[in-house]
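S.K.: Mind having a look at this structure? Questions to follow.
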Amino acid sequence: MKIKNYSAVYRIIHWSIAICMVLLLITIFLRLTWMNKNNVAEIIQNYLNTTDQSLTQDQLIVLAKKIRQPMWDWHLYLGYVLTGLFSIRFLLPLIGEMKFQNPFKKELILKEKFQNFIYLIFYGCVVTSLSTGLLIIFGPATIKKSMEAIHVLSIYYLMAFLILHICGVLLSEFTNQKGIVSKIISGNK
């Protein structure tokens, strides 16, 4: 198997995209767990109960949404940054950087074909996520619900890809591509 060298541009784009995706996952995780509007509303209600005050459930939900809005704004900002990074990622092959690997080349071994095919699926899923996210914000209101339904599925492919990617890198590191981790960090073996 051919050992790759990673240019500074490649490493910067790779890690910028990785950091963005992890931060996006954190915002999703928070929204689905501790910062869930119902959980936050319950915390507010429990506090209000100790002060002999109360709000309706609808008022509690509105207040909960306002409390978690700054965290969700970060999700939007990170989505814009990721859109920019992926635009750059797709333009880089035009100047000879970060070329896309064709999974259908006959001379590739099965492992390389599998890796390249997974990356094609990943890129397609990311483009779908970014497109639906942008359509939720900037598209017509008539398609917002259907775009949200598709966009919510992003967490599943993203988690699956991250697990597969990390396992694949570790497998390579401990078998036939020793030093791959240090090369993607520093560019050196």
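The values are calculated or read from the model by the stated rules, or taken from the named source; none is laboratory data. The shown structure was predicted, so the numbers you read here are calculated from the model rather than taken from an experiment. No Cβ is skipped: glycine too gets one built from the backbone with ideal geometry, and neighbour counts run over all protein chains shown.
S.K.: Mind checking which pairs have a first residue in the range 80-101 that is charged (D, E, K, R) and surrounded by fewer than 13 Cβ atoms within 10 Å (Cβ to Cβ) and a second that is part of a helix (DSSP H, G or I) and modelled with pLDDT of 90 or more, Cβ under 7 Å, 6 or more apart or different chains?
M.R.: Listed by first residue and then by second, the contacts come to LYS99/PRO93.
S.K.: Right, next: I need a count of the residues in the range 119-143 that are of a type outside the set (A, V, I, L, M) and crowded, with 17+ Cβ neighbours inside 10 Å.
M.R.: 5
S.K.: Look at the range 172-189 and say how many of its residues are part of a loop (DSSP other than H, G, I, E, B), small (Gly, Ala, Ser) and farther than 18 Å from ILE17 by Cα.
M.R.: 1
S.K.: A follow-up question, please. Determine which single condition ASN116 fails, assuming it passes every other condition in (1) within 30 Å of ALA8 (Cα to Cα); (2) crowded, with 16+ Cβ neighbours inside 10 Å; (3) in contact (Cβ under 8 Å) with a residue 24 or more places away in the chain; (4) not aliphatic (A, V, I, L, M).
M.R.: (3)
S.K.: Being surrounded by 15 or more Cβ atoms within 10 Å (Cβ to Cβ) and either at pLDDT below 90 or in contact with a helix residue (DSSP H, G or I) (Cβ under 9 Å, 6 or more places away or on another chain) (or both) is the filter here; which residues of the range 102-113 pass it?
M.R.: PRO103, LEU108, GLU112, listed by residue number.
Every residue, every condition in (1) modelled with pLDDT of 95 or more; (2) more than 26 Å from LYS178 (Cβ to Cβ); (3) surrounded by fewer than 16 Cβ atoms within 10 Å (Cβ to Cβ); (4) out of contact with any helix residue (DSSP H, G or I) (no Cβ under 9 Å at 6 or more places or on another chain), yes or no:
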{"site": "TYR6", "(1), (2), (3), (4)": "no, no, no, no"}
{"site": "TYR10", "(1), (2), (3), (4)": "no, no, no, no"}
{"site": "SER16", "(1), (2), (3), (4)": "yes, no, no, no"}
{"site": "PHE29", "(1), (2), (3), (4)": "no, yes, yes, no"}
{"site": "ASN36", "(1), (2), (3), (4)": "no, yes, yes, no"}
{"site": "THR50", "(1), (2), (3), (4)": "no, yes, yes, yes"}
{"site": "LEU55", "(1), (2), (3), (4)": "no, yes, yes, no"}
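S.K.: Turning to a different aspect of this structure: Given the structure, is ASN39 in a helix (DSSP H, G or I), in contact with a Ser or Thr (Cβ under 9 Å, 6 or more places away or on another chain) and either more than 30 Å from SER172 (Cα to Cα) or of a type in the set (A, V, I, L, M) (or both)?
M.R.: When the stated conditions are applied, ASN39 passes them.
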